[in-house]
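Since the structure comes first, as structure tokens, the remarks are kept for the end.
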Amino acid sequence: MRIYISVDMEGITGLVDADDVQPGGRDYEHGRQMMAEDVNAAIRGAVAAGATHVTVNDAHGPMRNLLPEALHPAARLIRGKPKNMGMLDGLSAGHDAVLCVGYHSRAGTLGVLSHSFMGHEIEDMWLDGQPVGEIGLAHATAAALGVPVVVLTGDDRACEEMTEWDASVTTVAVKFAHDRFAAELCPADEARAAIEKAVAASLVSPRTTSTASESATLTVRWQSASVASALQGIPGVSATDFRTVQAQGALPDLYRQFGVWMRVAASMTNQPPYC
């Protein structure tokens, strides 16, 4: 059994502020320890369920948050950037399941550290007309590869967002949002035990994923009209208004192209993709 873990940081146990998740922040070093403990709990659950191969993709910001020596020895780590598939780099049809650890809700929601990929630069996103963020786009892309997302961990708003996409996904709320930078926290040991138990239970029975459509439409509204204008130089990208662009294509290719959009936006705004 081959398991793929995409681990973000905003939805990690105990973390509520930019200083917890951004390099240079006063609590960042503590945040990366907390990140390692959450993902290690997921790895332990996968191993208990019989996983023979576990891939962990550090999917947050600089993608160099997890220290290799802090990771459970049963897993291999994908670290650093750029990555052609960003938060899903290394995921293939050869994997049996995806675990999304430490995820957060999309831009515009009142979840802890909520945003969509690029902090304040992306105002909103839609996939085939449905509001989407990192959770929905990861789920849809994994489905296109034929790999089911089986567990997501994060705050309660992230869990609700995942359930809206696929109610069969097991969710583990490790904190409960009071505002964008405040939450009621589950005790760390309790949260990690819940993650481990949920992963082990979810991997016991084989699951299938729904068949993805051959073509999808991704629409993104940017804060900057200049970014939207520049993106129209990419073949297949069109504008729906001064700040909104869209493209059609099959996932996961459309996901990969969106990564190019973010790199263009980052070069114009001096704001790196955040995730």
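Descriptive notes on the structure:
- With all pairs of separate Cα atoms included, segment 46-187 yields a Kirkwood hydrodynamic radius of 15.9 Å.
- Seen from GLU190, the other residues with C-beta closer than 14 Å to its C-beta sum to a net charge of -2, counting Lys and Arg as +1 and Asp and Glu as -1.
- Here the translational diffusion coefficient of segment 7-69 follows from Stokes-Einstein with Rh set to the Kirkwood radius across Cα pairs; for 37 °C and 0.692 mPa s it amounts to 270 µm²/s.
- Low-density loop positions, GluC sites (Glu not before Pro), segment 138-220 - DSSP coil, at most 14 other Cβ in 10 Å: GLU214
- Portion, in percent, of the accessible area of the chain that falls on carbon or sulfur, probe 1.4 Å: 50 percent
- Per residue solvent-accessible surface (Å²) - the chain, probe of 1.4 Å: 41 Å²
- Virtual paramagnetic centre 7 Å along Cα→Cβ of LYS197, amide N under 14 Å, in segment 30-60: 45
- Residue-span extension gain [GLN33 to GLN130] - 0.36 nm each, minus C-alpha spacing: 31.4 nm
- Each peptide among 224-237, 139-152, 252-265 gets the average number of other Cβ atoms lying within 10 Å of its residues, and from highest to lowest they stand as 139-152, 252-265, 224-237.
- Cα-based radius of gyration of segment 1-118 once divided by 2.2 N^0.38 Å, which approximates compact folds: 1.02
- Secondary structure note: in the chain, about 45% of the DSSP beta bridges are antiparallel.
- Computed E for GLU123/SER92 - FRET, C-beta separation, R0 41 angstrom, nearest 0.05: 0.80
- The stretch between ALA225 and ASP179, if pulled fully straight at 0.36 nm per residue, gains 13.7 nm over its current Cα-Cα span.
- Under the span-like rule (Cα at least 18 Å along the axis, Kyte-Doolittle mean at least -0.5), DSSP H helices of the chain: 28-48, 188-202, 253-269
- Within segment 88-235, percent of DSSP bridges classed antiparallel, to nearest 5: 55 percent
- Multiplying the residue separation of THR52 and THR240 by 0.36 nm and subtracting their alpha-carbon distance yields 63.0 nm.
- Shape analysis of the chain based on the Cα gyration tensor places the equivalent ellipsoid semi-axes at 28, 21, 17 Å, largest first.
The values are calculated or read from the model by the stated rules, or taken from the named source; none is laboratory data. Bear in mind the structure is a predicted one, so any value in this text is a computation, not a measurement. Cβ: placed from backbone, ideal geometry, glycine included. Neighbour counts: every protein chain shown. Accessible surface areas use protein heavy atoms only, side chains included; no ligands, DNA or RNA. Shrake-Rupley method; radii C 1.70, N 1.55, O 1.52, S 1.80 Å.
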